[in-house]
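Q: Quick one: the structure is below, questions incoming.
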Amino acid sequence: MHHTGVANLDRRQLPNQLMPSRRAVASWVLYDLANTIFSMGVVSLYFPMVVLDAVGAGRADRTLGLITALSMSVIFLVSPLLGAMTDRARRRMPFLVVSTLVCVGFTVVLARSGFWVTAVCFVIANMAYQAGLQFYDALLPEVSTEKNRGKIGGIGVGFGYVGSFVAVGISWIVTDNLPLTFTLVGILFLLFALPCFFFVRERGNPYPRPISVGMVRESTRETIRTLRSTQRYPGLLRFLVGRVFYTDAINTVIIVMALYTTNVAVATGLTEAQGKDQASIVMLAAISFAIVGGFVWGIMADRLGPRRTLNYVLCAWMVIFTGAALVGILALPMWTLYAVACSAGFALGGVWAADRPYMLRLAPPDRIGEFYGLYGMVGRFSAITGPLIWAAMGWVTIEQLGLRPAVGQGIALFSLLLLVILSYVILQKVSDTPPSAPAEPDGQRQVVSP
């Protein structure tokens, strides 16, 4: 049995009925905006403030890190299974719909009960959001071709960050009412996601297989076999390992940015309330540059290739982490944090604009769901270890050594810098030239190079 995916075809080779429509592309991009409303509004901004209010500045880093790590631990374990399920199913869209609805449902009830009830709801909502990201990323071949994949992905990243403006704007419209704030985040997430559900047309899986309990064992064996068969997919394992370290650092700084900004502001003489206001403004500045970065890096990924583009992005992050750490340790003025945040925003757009097409270069077209399960799995693993590293550093520097929160967090940022450097070294031997792989042992799959 021999079949190829659209990822292996030039647009000129596609029959008209398979060419992605502009409406489908726009709807796919709009979902990026929708889930960014949740990411910024809940994960990066409002839930950390809930934690800060509940446990205080001294314990906030440790508590937030542990709660986030818990939610990511579960999704880490099930990511390969979810990927295998979508490869077996006729369509991936129903999985995206269900995960989105679960996320929205638990988001709208945040902050309506005690802190620990809110924490449990956050854990579930974040798990559903992360699962949805995996399904969403795997739909990229449905709205792009090999020649414009970086551009389309970059547009998604850049336009998606507009959702961050929406999330921050909610707090300015609805002041001092967290339950209503979370409810609006959930409702807007759903509204902007609806076009993707209705207008992104999948070609469908021509070879669906049953989804059953036995599939768990089979998908686990298949995942292990894939990881072991690195000669079949050159560079796959090294790419995944490298991705663990850079996403470890970058996802962690996204989660703790609001806390760090608040502590830096307090160190400069502002009150905690003024520090929270500064956190929102710093986030908006970073978002503005992330939008530009998504478009710029996406174009670069098409012209230079995802490998070279990601190398440039990681070099930028090395400079950014150094600058961010020095702001807290040396008690530099607030404008220096704005400069770092704008640079971080620009570089952030490049991470996803480069590594999504990078992963597709390494993945055979008939196993995109499974490979994105691995891609998501390492991202989730980093989202466990990153917050745990941050929590541990905060416990040592702030709670045990008694350093000011901004200083302790600055030292923790240097540990994240080391992770980025390590990822850069690991990725240097990974090629982004799509490999030709031999047929699978069962003779049912064959990978064809673009």
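Q: Among residues belonging to region 305-344 that are closer than 16 Å to TYR424 by Cβ and either without any contact (Cβ under 8 Å) to a residue 24 or more places away in the chain or of a type in the set (Lys, Arg) (or both), point out the one that is surrounded by the fewest Cβ atoms within 10 Å (Cβ to Cβ).
A: My answer is ARG308.
Q: Related question: Give region 4-42 a look and list any residue that's modelled with pLDDT under 50 and either acidic (Asp, Glu) or within 26 Å of the chain's Cα centre (by Cα) (or both), or say none.
A: Hits for region 4-42 are GLY5, VAL6, ALA7, ASN8, ASP10.
Q: With the requirement that a residue be part of a helix (DSSP H, G or I) and among the hydroxyl-bearing types (Ser, Thr, Tyr), what does region 140-190 give you?
A: SER164, SER171, THR181, THR183
Q: Then there is this: Of the numbered conditions (1) outside any loop (DSSP other than H, G, I, E, B); (2) surrounded by fewer than 21 Cβ atoms within 10 Å (Cβ to Cβ), PHE106 fails exactly one; give the number of that condition.
A: Condition (2) is where PHE106 drops out.
Q: Further question: From the list LEU227, LEU259, exactly one residue is at pLDDT 80 or above and in contact with a helix residue (DSSP H, G or I) (Cβ under 7 Å, 6 or more places away or on another chain). Which is it?
A: After applying the criteria, what remains is LEU259.
Q: Name the single residue that is surrounded by the fewest Cβ atoms within 10 Å (Cβ to Cβ) among those in region 49-66 being modelled with pLDDT under 80 and over 17 Å from THR252 (Cβ atoms).
A: GLY58
Q: Is there any pair linking a residue in region 418-446 that is assigned to a loop (DSSP other than H, G, I, E, B) to one that is at pLDDT 85 or above, with Cβ under 6 Å and at least six apart or on different chains, and which?
A: Close Cβ pairs (under 6 Å, with a partner that is at pLDDT 85 or above) amount to VAL430/ARG238; VAL430/PHE239; ASP432/GLY305; ASP432/PRO306; ASP432/ARG307; ASP432/TYR358.
Q: Could you list all residues from region 271-284 that are surrounded by fewer than 18 Cβ atoms within 10 Å (Cβ to Cβ) and either out of contact with any helix residue (DSSP H, G or I) (no Cβ under 7 Å at 6 or more places or on another chain) or at pLDDT 85 or above (or both)?
A: The answer is THR271, ALA273, ASP277, ILE281.
Q: Looking only at residues in region 159-174 that are over 16 Å from the mean Cα position of the chain (by Cα) and of a type outside the set (Phe, Trp, Tyr), which one is surrounded by the fewest Cβ atoms within 10 Å (Cβ to Cβ)?
A: Checking each candidate, the answer is ILE173.
Q: While we're on this one: Taking the conditions exactly as written (at pLDDT below 90, buried (at least 20 other Cβ atoms within 10 Å of the Cβ) and farther than 26 Å from ARG23 by Cβ), does SER212 satisfy them or not?
A: Against the criterion (at pLDDT below 90, buried (at least 20 other Cβ atoms within 10 Å of the Cβ) and farther than 26 Å from ARG23 by Cβ), SER212 does not qualify.
For (1) crowded, with 24+ Cβ neighbours inside 10 Å; (2) assigned to a helix (DSSP H, G or I); (3) touching a strand residue (DSSP E or B) at 6+ places or on another chain (Cβ under 7 Å), each residue gets a yes or a no:
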residue	(1), (2), (3)
PRO234	no, no, no
LEU237	no, yes, no
LEU240	no, yes, no
VAL256	yes, yes, no
TYR260	yes, yes, no
ASN263	yes, yes, no
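Q: Restricting attention to region 82-99, and to residues there that are modelled with pLDDT of 80 or more and out of contact with any helix residue (DSSP H, G or I) (no Cβ under 6 Å at 6 or more places or on another chain), which single residue is surrounded by the most Cβ atoms within 10 Å (Cβ to Cβ)?
A: This residue is MET93.
Q: OK, next. Cβ-Cβ under 8 Å, sequence separation 6+ or interchain: first residue in region 257-278 and more than 14 Å from TYR46 (Cα to Cα), partner at pLDDT below 80 and not small (Gly, Ala, Ser). Which pairs?
A: Cβ pairs passing all conditions: VAL266/GLU272.
Q: Out of the residues in region 130-162 that are at pLDDT 80 or above and among the hydroxyl-bearing types (Ser, Thr, Tyr), state the one that is farthest from VAL102 (Cα to Cα).
A: SER144
The values are calculated or read from the model by the stated rules, or taken from the named source; none is laboratory data. The structure displayed is predicted, hence computed values, not measured ones. We place every Cβ from the backbone using ideal geometry, glycine too, and count neighbours over all the protein chains shown.
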